[in-house]
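Let me begin by presenting the structure, written as structure tokens, before commenting on it.
The values are calculated or read from the model by the stated rules, or taken from the named source; none is laboratory data. Because the structure is a prediction, the values reported are computed rather than measured. Virtual Cβ from ideal backbone geometry, glycine too; neighbours counted across all protein chains shown.
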Amino acid sequence: MDSTRKIALVTGVLFVVTFITAIPAQLSLYVPVLTDPRYIVGTGAADTSVSLGALLELILIIANVGTALALFPILKRQNEALALGYVSARIVECVFIAIGIVSLLSVVTLRQDFAGAAGADAAPLVAVGSSLVAVHDWTFLLGPGFVVGVGNGLILGYLMYRSGLMPRDMAMLGLVGGPSGLRCGDRHTVRRHRGRLRAANHRDNPGDPLGAVARYLPHRQRIQAVSDPTGTARGGGRVHRTLRTA
């Protein structure tokens, strides 16, 4: 077996590993912590699943970098600058994935350390947990979403199209599919955050439509509730809220 075929075999195996390790984490193992705003104050039934998902994504990081390094000797024959760009894109993608791993593991750690502590206030923990999940969602959008569209889609697709190392129809799938995936990822993230916000608001106080929003604002903004002393306003309670900057 010549060196080119060895590189092709190694690259193919590594790409298969990326699919095997990436899909279960996002579609199954991480789902409880990504969809339940109060997971951080719950029983932690999915802590093991989250840890397993993190392990799979660490393997994913190794496989991602491996694909770039394995292909570089061949891709640089076509365009060394773009070949380096592809390696850089894979590394940047892995950085985003690593940040996402740390954010979800932090949710698990905070739940284990503080959720069951005596006198622990659930509201700040829920806010922190949702912030960490938001970090993960954005790393997923910017890493496996945007960067992969540029790296695997545009750069690798162009190099494969130009080199003829694969059928040009297949290379065109990368050139077209990479940018097309960016908008799909953005819609998915927006829908997830809207669902989490609605769920948190309903669980915390179904009659307080602004309560959950206050807990999800950035730390420099907060909503100050002023009680209606007469109780005559609609809702008989929190009727006036002023937004102020700390």
When region 1-59 is checked residue by residue, the ones that are closer than 23 Å to PRO124 by Cα, among the acidic types (Asp, Glu) and free of Cβ contacts under 8 Å to residues at least 24 places away in the same chain are none
Selection over region 6-22 where residues are crowded, with 17+ Cβ neighbours inside 10 Å and aliphatic (A, V, I, L, M) yields a count of 4
Reported set for region 23-59 where residues are within 15 Å of the chain's Cα centre (by Cα) and either polar (S, T, N, Q) or surrounded by fewer than 17 Cβ atoms within 10 Å (Cβ to Cβ) (or both) is ILE23, PRO24, GLN26, LEU27, SER28, VAL31, PRO32, THR35, LEU58
Among (1) more than 17 Å from LEU154 (Cβ to Cβ); (2) without any contact (Cβ under 8 Å) to a residue 24 or more places away in the chain; (3) not charged (D, E, K, R), ALA134 falls short only on (2)
Exactly one of LEU175, LEU165, LEU159 is more than 21 Å from the chain's Cα centre (by Cα) and at pLDDT 80 or above, and that one is LEU159
Has region 119-141 got any residue that is outside any loop (DSSP other than H, G, I, E, B), assigned by TED's automatic domain parsing to the domain that holds LEU69 and more than 30 Å from TYR39 (Cβ to Cβ)?
no
GLY129 vs (1) farther than 26 Å from VAL17 by Cα; (2) out of contact with any Pro (no Cβ under 8 Å at 6 or more places or on another chain); (3) crowded, with 19+ Cβ neighbours inside 10 Å: all pass except (2)
ARG111 fails exactly one of (1) over 24 Å from LEU27 (Cβ atoms); (2) among the basic types (Lys, Arg); (3) not in a loop (DSSP other than H, G, I, E, B), namely (1)
Selection from region 15-73 of residues polar (S, T, N, Q) and within 23 Å of ASP113 (Cβ to Cβ) yields THR35, THR43, THR48, SER49, SER51
